[in-house]
Amino acid sequence: MVTASDNDTSPAAPGTDSALARSSILGCGLFMMVIALLFNDYVASAYKKEFFTEQVPSWIHLARAALFLAGAGVVYGRRTAFVKKTVGRVWAAITPMGDILAFLLIAWLLMETASHAIMFKLYPPKKLHAALINVGYVDEGIRKYLPHLWRNYVPNPASGIVNQYGFRWGGGEKKSRNRILCIGGSTTWGQGIDDIQSTYPTHMENYLKAKGYDVDTINAGLQYYSSAEDLTTLLFAGLGQRPDIVIIYTGVNDLEAIMSPKGFSPDYSHWRQVDPALFGHSANIAHSMAWMAPSWTLRLAATLAFQPDGSLSHTVSMPMYRLGEALHSTNPIAPNATEAISINATSMVGAARASGATPVLVNFSIKVDHPTHEDSYYSGMDQKRRDEIRSRWRKAEALINDAISNVASAQAVPLIPFHTFKPEPPGEFFDHCHLNESGLRQQAELFGDFLIEQGLLKK
């Protein structure tokens, strides 16, 4: 039997629990929608994904959409018969504004989705790459690197990419008879290797321990370091760790300096100059600040407005040109092109010895024919032009390796001939100079065996 109370749809008095409940439902729905809009960035950060890329799990996108739709359903579904019967028809003063806000949030979601798609699907790849380099963030908007007065740039301890000593691996109180400091660029750091246990310094430590040697290693490498940054890293960070052996694996990034398309200066000032962004004269700062906001619409607008050039604004210096320009240049390599690396390598040898450590130099290898460079360096070129570029690259590699060999000979320093290294299987290089985990393990064993053969380790 239907009673009068069942059909009672009269509004409840203002201030009743029904009004409060209805307002609470509205607020809950809006809250769900806002959380959904922020969900992508912060959950991606929690899962250690770089939040400015599109490489986040599909479930995150689906959960975000489901949460948003649920919130919208709560906001607009509060007028349904079920809700009316449950909480009455009292409309709080917030109701009209709530409808407007819900509409704006839906519009925001559509704009965010469209902006994200434009950024990663339609925006020119080179400009996108420049924008992402300029941002240089990891989790929750924390910058990976910080400018440094002597070393150009260093890892930001707050980013979590280095330990409390400022290194990717090792350091602190010395507890072994053989402390090995590994100096270098991305090939020492372990470019493309997420697990710190899989870099060559760590593999080498484990390998030598398994052979009965009391060792610890320090990974003092960092991406894009040239011999200049390697030298200052050794002086201002490495030698304070009291190493017994210093492995100096440098020169790969000096290639970019000596193949200059714009003349040459032995101090590398033709290649890297003080970044004007440090003095507030660059749009890069404004762009990177805008990217801290969890909004793809704002990030796209900032990228379009400021047109970041991709210079490494987290450094004291900025490059005047890139490797591609250096390779494609027909400018002859300067006769004194290896002067800087010769001086820097000699200085590192002297500094290591002055601190009581044994220096070890390393030759390097470049895979100029690696397929990853087909689009980046050789796209649209005929075979003759490709051969010219490869020849230029090989000439620069030979000049630097010869310079390192000459320093090793003149200073009576052990030299690891890594330029002859041939991993098994041959495809262990995933680009022109970086090894995958299997290749790094082989490199570590080669370096470890060399130290043993040279009698440089105390057992």
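Numbers for the structure displayed
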| read-out | value |
| --- | --- |
| Table column - 3J(HN,Hα) (Hz), the stretch 236-249, Karplus curve with 6.51, -1.76, 1.60, x for Gly and Pro | 9, 9, x, 5, x, 8, 6, x, 8, 9, 10, 8, 9, 10 |
| Highest-first arrangement of 434-447, 221-234, 316-329, where packing means the average Cβ count within 10 Å | 221-234, 434-447, 316-329 |
| Counted charge near Glu256, where neighbours are those whose Cβ lies closer than 10 Å (Asp, Glu -1; Lys, Arg +1) | 0 |
| Estimated dipole of the stretch 143-272 in Debye, rounded to 20 [Cβ of Lys and Arg +1, of Asp and Glu -1, Cα centre] | 220 |
| Cβ crowding within 10 Å averaged over residues, with 390-397, 213-220 ranked highest first | 213-220, 390-397 |
| Least to most buried among Phe418, Phe167 (fewest other Cβ within 10 Å first) | Phe418, Phe167 |
| Members of Lys174/Lys367; Lys121/Lys262; Lys174/Lys422; Lys367/Lys459; Lys144/Lys458; Lys126/Lys367 lying beyond 30 Å, as alpha-carbon distances in this model show | Lys174/Lys367; Lys121/Lys262; Lys174/Lys422; Lys367/Lys459; Lys144/Lys458 |
| Under 5 Å, built H, 5+ apart or other chain: amide partners of Ser317 | Asp275 |
| Whether the stretch 158-288 is rounded, prolate or oblate, judged on the alpha carbon gyration tensor where a/c under 1.5 counts as rounded | prolate |
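Just so you know, all these numbers are worked out from the coordinates, no wet-lab data involved. Keep in mind that this is a model prediction, so the values were computed, not measured. Backbone-built Cβ (ideal geometry, glycine too); neighbour counts: all protein chains shown.
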